[in-house]
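Questions regarding the structure given below will be posed in turn.
The values are calculated or read from the model by the stated rules, or taken from the named source; none is laboratory data. Quick caveat: nothing in here was measured; it's all calculated off a predicted structure. Positions of Cβ are generated from backbone atoms using ideal geometry, with glycine treated the same way; all protein chains shown enter the neighbour counts. Each accessible area value is taken on the protein alone, full model and side chains, heavy atoms only, with ligands, DNA and RNA left out. Shrake-Rupley method; radii C 1.70, N 1.55, O 1.52, S 1.80 Å.
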Amino acid sequence: MARHRHRVKVATLSERMELSAAEFKHLAVMRLNVGDRVDVFDGSGEAGEAELIHLDTFSAALRLLSRQDSAAEYPQPVTLAIALLKGDKLSDVVRAGTELGVSTFQLLRTRYADVPDIGDSKLTRLRRVAEEAAKQSQRAVVPGVLAPLPLSALSAAGQCFYAHPGSPGKLLEQVTWTSALTLISGPEGGFAPEDLAQLSRLGATPITLGPRILRAETAPLALLGALAASGV
Ligand code: SAM
């Protein structure tokens with residue numbers, strides 16, 4: 001059976017690593033002891049194995065034993081640019097999207113976005129959700145969750161696709177993995193004509209998710225699910 005070890009986020013991988021208050025609390029709850037081994041990652045792609053060498057009531061430290069290449073990342077970074085959604089829907093997308101390999105979430109203000117903006121506390125919560133999901137899915141990268149931008153300010157290097165019902169294009173027939181990938185998903189009300197004009201100026205390619213209309217929180221996961229199921 002696959003080994004399951006505790007995953008601990010550290011600031012940087014180094015010979016000796018002092019733990020943050022949050023990670024220290026987590027270790028204490030897990031009842032780890034000096035000598036136990038854990039997996040460590042820094043959130044930007046570095047991962048390895050470490051041993052707990054110090055633990056008292058207030059602090060803990062780890063010693064790095066080895067570095068490991070993370071096999072959990074796509075060959076190119078994947079940005080999910082998603083229109084603002086209401087309620088907890090963005091949390092659900094960030095949680096599942098992190099499991100499905102997103103490297104950056106770019107929140108978007110579009111003409112028909114469900115809400116006009118989100119506050120700092122919600123953004124902080126989304127970043128926490130991304131960190132928890134990255135740990136759970138054994139990724140070495142914690143995806144960034146970037147504050148909302150108007151669609152007109154979005155820039156997308158590499159390949160860029162947007163989901164729009166009735167489009168002829170299919171994602172997996174066009175993704176080449178030779179450059180970064182940006183996937184754009186609309187709000188419940190869809191893209192307005194001015195958004196579509198903006199997407200065309202951006203050079204984004206429209207793609208279908210089949211003949212059914214998916215909810216705004218389902219569509220991005222269908223895009224990412226297609227990538228994941230391709231086995232890359
Ligand atoms: N009436 C809206 C329209 O025609 O665009 C429906 C919007 S849908 C509820 C929300 C978003 O999910 C869309 O803007 C699009 O990005 C994506 N989406 C949902 N179903 C899709 C499909 N079958 N093909 C492509 N994109 C889809």
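Determine the shape class of the stretch 1-127: with a ≥ b ≥ c the square roots of the Cα gyration tensor eigenvalues, call it rounded for a/c under 1.5, and otherwise prolate if a/b is greater than b/c, oblate otherwise.
prolate
A further question on this structure: Leaving out same-chain residues fewer than 8 places away, which aspartates and glutamates sit with a Cα under 19 Å from that of Lys89?
Reachable aspartates and glutamates: Glu99, Asp114, Asp117, Asp120, Glu131, Glu132, Glu188, Glu217.
If the only charges are +1 at each Lys and Arg Cβ and -1 at each Asp and Glu Cβ, what is the size of the charge dipole of the chain around the Cα centre, to the nearest 20 debye?
300
So what is the accessible area of the stretch 7-68 per residue, in Å², with the probe set to 1.4 Å?
Per-residue value: 55 Å².
Another one. For the chain, what is Rg from Cα atoms divided by 2.2 N^0.38 Å, rounded to two decimals?
Dividing the Cα radius of gyration by 2.2 N^0.38 Å gives 1.13.
Further question on the same structure: For an R0 of 41 angstrom, estimate the FRET efficiency from the Cβ-Cβ distance between Val34 and Thr176 and round to the nearest 0.05.
The value I calculate is 0.25.
Picking from Ser121, Ser103, Ser91, which is most flexible by a Gaussian network model of the chain using Cα springs under 10 Å?
Ser121
Hey, can you find the accessible area per residue of the stretch 78-229 for me, probe 1.4 Å, expressed in square angstrom?
44
Moving on to the next point. What pairs from Lys9/Lys122; Lys25/Lys122; Lys86/Lys170; Lys25/Lys135 go past 25 Å between their alpha carbons?
Beyond 25 Å between Cα atoms: Lys86/Lys170.
Tell me what the chain gives for mean residue ellipticity at 222 nm when only DSSP H runs of n ≥ 4 count, each as -39,500 (n - 2.57), the sum divided by the residue total, rounded to 500 deg cm²/dmol.
Mean residue ellipticity at 222 nm (helix-derived): -8000 deg cm²/dmol.
Round to a whole number: what % of the accessible area of the chain belongs to carbon and sulfur, probe 1.4 Å?
52
Let me ask something additional. Using a Gaussian network for the chain with springs between C-alpha atoms less than 10 Å apart, which of these wobbles most: Val93, Val141, Val115?
Fluctuation is largest for Val115.
Here is a follow-up. Counting Lys +1, Arg +1, Asp -1, Glu -1, what net charge surrounds Val141 among other residues with beta carbon under 10 Å of its beta carbon?
Net charge in that neighbourhood comes out at -2.
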